[in-house]
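Working notes, beginning with the structure itself.
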Amino acid sequence: MIEENPTADSDVPLDHHAARIAILGAGNPYCIDLIKSLLRMGNKLRDCHIVLMDTNEENLELIYTLGTKLFQHAEVALTLERTTSREEALADTDFVLTTFHTGGIDAQRLDEKIPLRHGLIGQKMIGAGGFFSALRTIPLIASVAVEMEKVIPHAFLLNYTSPCNIITEAVAHVSGIRTIGLCDSPGYEIQQIAQAAGVGADPGKRLHSRTVGLNQSNWTTAVWRNGIDVLPQIISWCENFITSQPEMNISSYIQVMIRTLTAHYGAIPSHYMHYYYFPDTALEFLQRKPTSHAEDIIAILPGLLSRYREEAQKAIPDLNTISGSEGFGAFALDIVSSILNNTGEEWILNVPNKGSLNFLSDDRIVELPCHVDARGAIPFTQGDGGIKIEQRGLISQLAEYEGATAQVALWGTRRDAIKALTANPLVSSYRKAEQIYDDLAVAHKKYLPQRLLH
């Protein structure tokens, strides 16, 4: 039986009507999806004040202009402001949502491309790429948390910046501010495979799952649809799928590998698990693709921003032109709403373990079902979460690697960093770790402290 963790905090609830929400990194063009979510959720977040903050003044002004016009047209009970000052953004704020990556999309491109030169998987969230994303970004987010504890100790820090677990753990080392790591992937991925198996959520509803482990490294061991566990149907469908020996190509290989793992392990892995269980195949497809994910984004950004500027000139911008899916915005605001409205809903979130998973250390950040109310996110005690012994080893190794990386980003040296990177299952070689570390450190040296360069 799943129980609420008895070690959860019992903080005083926030007043709904006074909530101030700051978005750090709001100049990101994809933050327009957050504006779209605010329009849809205006009633749940009524009277809230939204502060958009970014150092890219041009992009920030564009997002603010679009948001202001859309809010006015929809007559939502929300107010909007923008600032380039972090101090102004944090003042009297109740929720701080971090969505930025130090170095931006250009740094992400290097995180993806340089590891491939060494015959290693290049990815923005995991492996050597995710490692350097953490090294660059943790000092800045840690400083945000420290400042929050001084000026708004009652507030929540909602971290959407990846790699989520490593950054969230680093924050816990330097600040007692209430921090929740966010990732919308579990809900999306489970719905995707359930829908393919014919047991997706009914319109207007969502599936509930027992998804446990780490961010981007977890297993789902139960999926409830209208109160009934439909995981057996999903497993059966996956078994039939792989029996047909589906072709693996550039557009299908991830789905084929995920469904293969589901059939063999009797549980659904997060999509990123295919990198660990089929590293050679994953590397082959990454090397075969002429452009990286970051390069694909870089290619479409000019056109996206051009459309934004055109719509910003109109009295009523067209949402269909400027926005795709609601993505991260909807999920982040669902969590804010659950806290503000004291709903007690269940969400898959990233929080300190504190005994929730019995095979991981208490201070590791874990991803698992949480009860979310005015106190924040309270993890449900899982025991082993239904994860079998042969699945726990990889998760345990990744958890300790993440803990080591968080400490290196805050206090470590080059030598410490190489040892931490060696512990990553996608590297697992001191010699390779040293070589790729030095290449990436040179590429990102303007974003790294001197202690990590020598």
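The values are calculated or read from the model by the stated rules, or taken from the named source; none is laboratory data. Worth saying up front: this structure is predicted, and the values here are computed from it rather than measured. When we count neighbours, we look across all protein chains shown, and the Cβ atoms used for this are built from the backbone with ideal geometry, even at glycine.
Looking at the stretch 221-257, which of the residues that are polar (S, T, N, Q) and part of a loop (DSSP other than H, G, I, E, B) is farthest from Ala194 (Cα to Cα)? So that I can check it myself, show each step before the final result.
Taking the stretch 221-257 as the starting set, the residues that turn out to be polar (S, T, N, Q) are 221, 226, 233, 236, 240, 243-245, 249, 251-252, 255.
Filter again for part of a loop (DSSP other than H, G, I, E, B), leaving 226, 244-245, 249, 251-252.
Values: Asn226: 13, Ser244: 19, Gln245: 20, Asn249: 22, Ser251: 19, Ser252: 17 Å.
Taking the candidates together, the pick is Asn249.
Return the residues of the stretch 29-68 that are in contact with a Ser or Thr (Cβ under 6 Å, 6 or more places away or on another chain), modelled with pLDDT under 95 and part of a helix (DSSP H, G or I); say none if nothing qualifies. Hits for the stretch 29-68 are Ile32, Asp33, Lys36. Checked against (1) outside any helix (DSSP H, G or I); (2) surrounded by fewer than 19 Cβ atoms within 10 Å (Cβ to Cβ); (3) of a type outside the set (Gly, Ala, Ser), Asn218 passes all but condition (2).
Of all residues in the stretch 146-162, which are in a loop (DSSP other than H, G, I, E, B) and among the aliphatic types (A, V, I, L, M)?
Of all residues in the stretch 146-162, those in a loop (DSSP other than H, G, I, E, B) come to 152-155, 160-162.
Listed by number, the residues that qualify are Ile152, Ala155.
Filtering the stretch 242-257 down to residues that are over 20 Å from Pro290 (Cα atoms) and touching a helix residue (DSSP H, G or I) at 6+ places or on another chain (Cβ under 6 Å), which residue is surrounded by the most Cβ atoms within 10 Å (Cβ to Cβ)? Please lay out each step first, then the result.
Within the stretch 242-257, the first condition is being over 20 Å from Pro290 (Cα atoms), and the residues that meet it are 242-247, 255-257.
Filter once more, so that each one left must be touching a helix residue (DSSP H, G or I) at 6+ places or on another chain (Cβ under 6 Å): 242, 246, 257.
Numbers: Ile242: 16, Pro246: 14, Met257: 22.
Among those residues, the one meeting the criterion is Met257.
Residue pairs whose Cβ atoms lie under 7 Å apart, sitting 6 or more positions apart in sequence or on different chains, and linking a residue in the stretch 362-374 that is over 18 Å from Thr211 (Cα atoms) to a partner that is part of a strand (DSSP E or B), are Asp363/Pro352. So which residues in the stretch 317-329 are exposed (fewer than 14 other Cβ atoms within 10 Å of the Cβ) and either at pLDDT 95 or above or within 29 Å of Ala282 (Cβ to Cβ) (or both), if there are any at all? Selection gives Gly324, Ser325. Within the stretch 299-320, residues that are more than 19 Å from Ala74 (Cβ to Cβ) reach partners that are exposed (fewer than 13 other Cβ atoms within 10 Å of the Cβ) with beta carbons closer than 7 Å, at six or more positions or on different chains, in the pairs Arg307/Thr321. Answer yes if at least one residue in the stretch 260-280 is closer than 22 Å to Ala222 by Cα, within 24 Å of the chain's Cα centre (by Cα) and surrounded by fewer than 18 Cβ atoms within 10 Å (Cβ to Cβ), and no otherwise. Yes, that holds for at least one residue.
Selection of the stretch 194-211 for residues being of a type in the set (Val, Ile, Thr) and either free of Cβ contacts under 8 Å to residues at least 12 places away in the same chain or buried (at least 24 other Cβ atoms within 10 Å of the Cβ) (or both) yields only Thr211. Filtering the stretch 342-352 to residues that are within 21 Å of Ala170 (Cα to Cα) and surrounded by fewer than 22 Cβ atoms within 10 Å (Cβ to Cβ) leaves only Pro352. Within the stretch 35-47, residues that are more than 15 Å from Asp318 (Cα to Cα) sit with their Cβ atoms under 6 Å from residues that are hydroxyl-bearing (Ser, Thr, Tyr), at 6+ positions apart or across chains, in these pairs: Lys44/Ser337. Hey, can you tell me all the residues within the stretch 17-26 that are at pLDDT below 95 and of a type outside the set (A, V, I, L, M, F, W, C)? Correct list: His17 only.
Inspection of the stretch 284-293 finds no residue satisfying the criterion of being in a strand (DSSP E or B), among the aromatic types (Phe, Trp, Tyr) and either closer than 30 Å to Lys388 by Cα or out of contact with any Ser or Thr (no Cβ under 6 Å at 6 or more places or on another chain) (or both). Considering the stretch 395-427, the residues that are touching a Gly at 6+ places or on another chain (Cβ under 8 Å) and either free of Cβ contacts under 8 Å to residues at least 24 places away in the same chain or part of a helix (DSSP H, G or I) (or both) include one that is farthest from Gly129 (Cα to Cα), namely Ile395.
Every condition in (1) among the aliphatic types (A, V, I, L, M); (2) buried (at least 21 other Cβ atoms within 10 Å of the Cβ); (3) over 24 Å from Pro269 (Cβ atoms) holds for Ile365 except the one numbered (3). If only residues of the stretch 212-266 that are touching a strand residue (DSSP E or B) at 6+ places or on another chain (Cβ under 7 Å) and free of Cβ contacts under 8 Å to residues at least 40 places away in the same chain are counted, the one that is nearest to Ile167 (Cα to Cα) is Leu261.
For residues that are in a strand (DSSP E or B) and hydrophobic (A, V, I, L, M, F, W, C), scanning just the stretch 163-215, find the one that is farthest from the chain's Cα centre (by Cα). Among residues in the stretch 163-215 that are in a strand (DSSP E or B) and hydrophobic (A, V, I, L, M, F, W, C), the one farthest from the chain's Cα centre (by Cα) is Val212.
Among residues of the stretch 160-186 that are farther than 19 Å from Thr102 by Cα, those with a Cβ under 8 angstrom from a residue that is aromatic (Phe, Trp, Tyr) and at pLDDT 95 or above, sequence gap 6+ or separate chain, pair up as Ile177/Phe156; Arg178/Phe156; Thr179/Phe156; Ile180/Phe156. Between residues in the stretch 428-450 that are more than 18 Å from Glu112 (Cβ to Cβ) and modelled with pLDDT under 95 and residues that are in a helix (DSSP H, G or I) and polar (S, T, N, Q), which pairs lie under 8 Å by C-beta distance while being six or more apart or on different chains? The qualifying pairs are Ser428/Thr422.
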